[in-house]
1. Do you know which of the residues in the range 1-22 that are in contact with a strand residue (DSSP E or B) (Cβ under 6 Å, 6 or more places away or on another chain) and surrounded by fewer than 17 Cβ atoms within 10 Å (Cβ to Cβ) is nearest to residue 265 (Cα to Cα)?
2. Suppose we keep only residues that are without any contact (Cβ under 8 Å) to a residue 60 or more places away in the chain and outside any helix (DSSP H, G or I) within the range 269-300. Which one would you say is surrounded by the fewest Cβ atoms within 10 Å (Cβ to Cβ)?
3. Name the one entry in 266, 222, 211 that is surrounded by fewer than 24 Cβ atoms within 10 Å (Cβ to Cβ), closer than 25 Å to residue 132 by Cα and touching a residue at least 12 places away in the same chain (Cβ under 8 Å).
4. Among the residues of the range 229-239, is any in contact with a strand residue (DSSP E or B) (Cβ under 6 Å, 6 or more places away or on another chain) and closer than 25 Å to residue 262 by Cα?
5. Confirm whether residue 197 is out of contact with any strand residue (DSSP E or B) (no Cβ under 7 Å at 6 or more places or on another chain), part of a loop (DSSP other than H, G, I, E, B) and surrounded by 22 or more Cβ atoms within 10 Å (Cβ to Cβ).
6. Pull up the range 45-74, narrow it to residues that are assigned to a loop (DSSP other than H, G, I, E, B) and in contact with a helix residue (DSSP H, G or I) (Cβ under 9 Å, 6 or more places away or on another chain), then point me to the one that is nearest to residue 249 (Cα to Cα).
7. Among the residues in the range 208-221, are any part of a helix (DSSP H, G or I), touching a helix residue (DSSP H, G or I) at 6+ places or on another chain (Cβ under 7 Å) and more than 17 Å from residue 18 (Cα to Cα)?
């Protein structure tokens, strides 16, 4: 079973594993570009994405990030996409004020409510615990607290955990925290691994059984896509093709196509054809977009 914001389904088609429909990180960043609220333009792009064969989107905006359930429901209605919602706490400095004021039980109960009753006063229920994150080359005390809280909620609900790594760092340390709480690592997606061009590091993470997020594809200012392709091919060569998932992680107005950005279709239109040209077979791409997301997201 996979729970979308409109109810349960059994299987997904082609899936973007880590996206945002609406979020706002501009309060801290002091950059209006990071108030990602162009719902009309986003719907237009996602309608085109649906026509190109994408079936589902995991929306990883959670508490403190500007989550907007009404926008998610509107997108689902107007595009026909399956939208899978999330709950949890992000990373410093984007944790809500109450995260510092409430105890672990109170915070856990918030996440349980999002999963079992509905998010933000609606009937739309969360399915994912994430994106829960860590800073660059460090896990701060409050970030570790958030990781432990979602671990405990995972143990009670079986919900998958999606993480944010800053530039692909601290993945092994995240996994160590999850392991210490007896989290099922086969239900963990370590996010933004494609921002770290270190194949040995990828292999060490993959060997733990987690999924690896190639989920910032097209963000060439961080990493050229040629590096992403080399990493994917090496992981496949080493037998880890069942642990690769894909997305773009659009978070800025300037990422949208009508504002000069790559747009939601970049993965389909640009990256995947290039991946195929580099001798990655289409059946492997179906694993990355269909089989692996279904295995990660399905719960008993």
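Only the coordinates and a few stated rules stand behind these numbers; no lab work does. For clarity, every value in this text was computed on a predicted model and none was experimentally measured. A quick note on method: Cβ atoms are made from the backbone with ideal geometry, for glycine too, and the neighbour counts reach across all protein chains shown.
1. Checking each candidate, the answer is 13.
2. Here the answer is 279.
3. Going through 266, 222, 211 in turn, just one is surrounded by fewer than 24 Cβ atoms within 10 Å (Cβ to Cβ), closer than 25 Å to residue 132 by Cα and touching a residue at least 12 places away in the same chain (Cβ under 8 Å): 222.
4. No, because not a single residue in the range 229-239 is in contact with a strand residue (DSSP E or B) (Cβ under 6 Å, 6 or more places away or on another chain) and closer than 25 Å to residue 262 by Cα.
5. No, not satisfied.
6. 61
7. For the range 208-221, residues part of a helix (DSSP H, G or I), touching a helix residue (DSSP H, G or I) at 6+ places or on another chain (Cβ under 7 Å) and more than 17 Å from residue 18 (Cα to Cα): absent.
This table checks each residue for (1) touching a residue at least 24 places away in the same chain (Cβ under 8 Å); (2) surrounded by fewer than 24 Cβ atoms within 10 Å (Cβ to Cβ); (3) assigned to a helix (DSSP H, G or I).
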site	(1), (2), (3)
142	yes, yes, yes
159	yes, no, no
167	yes, yes, yes
172	yes, yes, yes
182	yes, yes, no
203	yes, yes, yes
